């Protein structure tokens with residue numbers, strides 16, 4: 001698809017790698033982080049065998065829960081907890097009547113728990129009961145049972161398999177996704193005139209918008225159904241495109257170089273024009289760098305101020321662009 005108003009030099013297809021940064025701070029991401037890092041110390045166990053809360057002081061328990069909450073994800077936490085648990089065969093079983101023995105649920109292994117605390121002579125491992133182990137890490141019994149089952153079956157820590165299934169009946173079909181991406185890429189985009197650095201930001205005419213693009217998609221691809229929100233989500237998350245561009249604010253020198261390059265047929269002359277245009281943009285970049293440096297310097301020093309003026313807007317002149325517009329920004 002060809003959109004009017006673009007120069008041949010800037011009429012380029014959108015690169016496949018151009019995409020916006022994914023949005024962060026969504027509610028589900030916040031809730032996931034809270035579940036991982038929101039563990040709190042529980043009540044004491046009142047254990048008479050190990051006297052867990054007497055041996056492990058309050059400061060040690062606070063450091064322990066803080067370290068546990070700083071672990072990145074569920075898998076890393078499970079690996080840490082697995083290292084504090086040991087499994088052994090059952091050595092003694094109570095004597096039961098034969099009929100009771102047949103219906104009884106027997107344990108296949110015994111588990112022992114410990115925590116690591118810092119002492120003067122280094123890190124030491126302190127045995128604790130299961131209730132203290134749960135309380136000191138702010139976890140539930142079900143979390144420990146999951147680790148126990150994994151230790152008995154595989155001898156390793158469990159892996160978080162939530163969301164790894166392939167049963168997704170509402171997933172957008174690949175063909176529909178491909179058709180949407182293909183249509184968006186077919187629009188001719190251009191770079192910003194003042195994009196002196198390499199940027200992936202692209203622009204479409206201000207006459208267009210996402211709704212018009214979606215209506216065109218429905219017209220061209222009636223067999224691939226998609227909602228407007230789906231189309232809009234793909235446009236925002238996979239592309240770095242904005243609408244509108246003040247074409248009247250371009251520099252006449254740059255426009256002159258662009259026109260000459262468009263009509264040039266000699267390789268040597270084209271190379272010279274490209275070099276001159278690059279030099280022109282480098283001079284303009286010098287002023288932008290000066291303005292940026294002065295702005296940063298004034299932020300650091302309270303006794304320093306900078307004034308930036310656009311001489312084109314201050315000067316009394318006609319509205320026609322001039323050759324020096326790109327370099328008329330001054331920093332005093």
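When restricted to residues that are over 16 Å from residue 149 (Cβ atoms) and at pLDDT below 80, the range 63-120 contains 12. Taken over the range 183-201, the criterion of being outside any loop (DSSP other than H, G, I, E, B) and modelled with pLDDT of 85 or more is satisfied by 183, 184, 185, 186, 189.
Within the range 71-86, which residues are in contact with a strand residue (DSSP E or B) (Cβ under 8 Å, 6 or more places away or on another chain) and either in a loop (DSSP other than H, G, I, E, B) or loosely packed, with under 15 Cβ neighbours inside 10 Å (or both)? Hits for the range 71-86 are 84, 86.
The single residue among 258, 265, 275 that is over 40 Å from the mean Cα position of the chain (by Cα) and either under 29 Å from residue 205 (Cβ atoms) or loosely packed, with under 12 Cβ neighbours inside 10 Å (or both) turns out to be 265. Return the residue satisfying two criteria in turn: it lies in the range 129-161 and is touching a residue at least 40 places away in the same chain (Cβ under 8 Å) and part of a loop (DSSP other than H, G, I, E, B), and of such residues it is farthest from the chain's Cα centre (by Cα). Looking at the filtered set, the residue picked out is 129.
Residues are listed down the side, and each one gets a yes or a no for (1) in the same structural domain as residue 47 (by TED's automatic domain parsing); (2) closer than 20 Å to residue 73 by Cα; (3) in contact with a helix residue (DSSP H, G or I) (Cβ under 7 Å, 6 or more places away or on another chain); (4) at pLDDT below 95:
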| site | (1), (2), (3), (4) |
| --- | --- |
| 139 | yes, yes, no, no |
| 144 | yes, yes, yes, no |
| 162 | no, yes, no, yes |
| 165 | no, yes, no, yes |
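Checking the stated criteria, residue 117 turns out not to satisfy the condition of being closer than 12 Å to residue 85 by Cα, assigned by TED's automatic domain parsing to the domain that holds residue 54 and surrounded by 15 or more Cβ atoms within 10 Å (Cβ to Cβ).
The values are calculated or read from the model by the stated rules, or taken from the named source; none is laboratory data. Remember, predicted model here, so these are calculated numbers, not experimental data. All Cβ positions, even for glycine, are placed from backbone atoms using ideal geometry, and neighbour counts span all protein chains on display.
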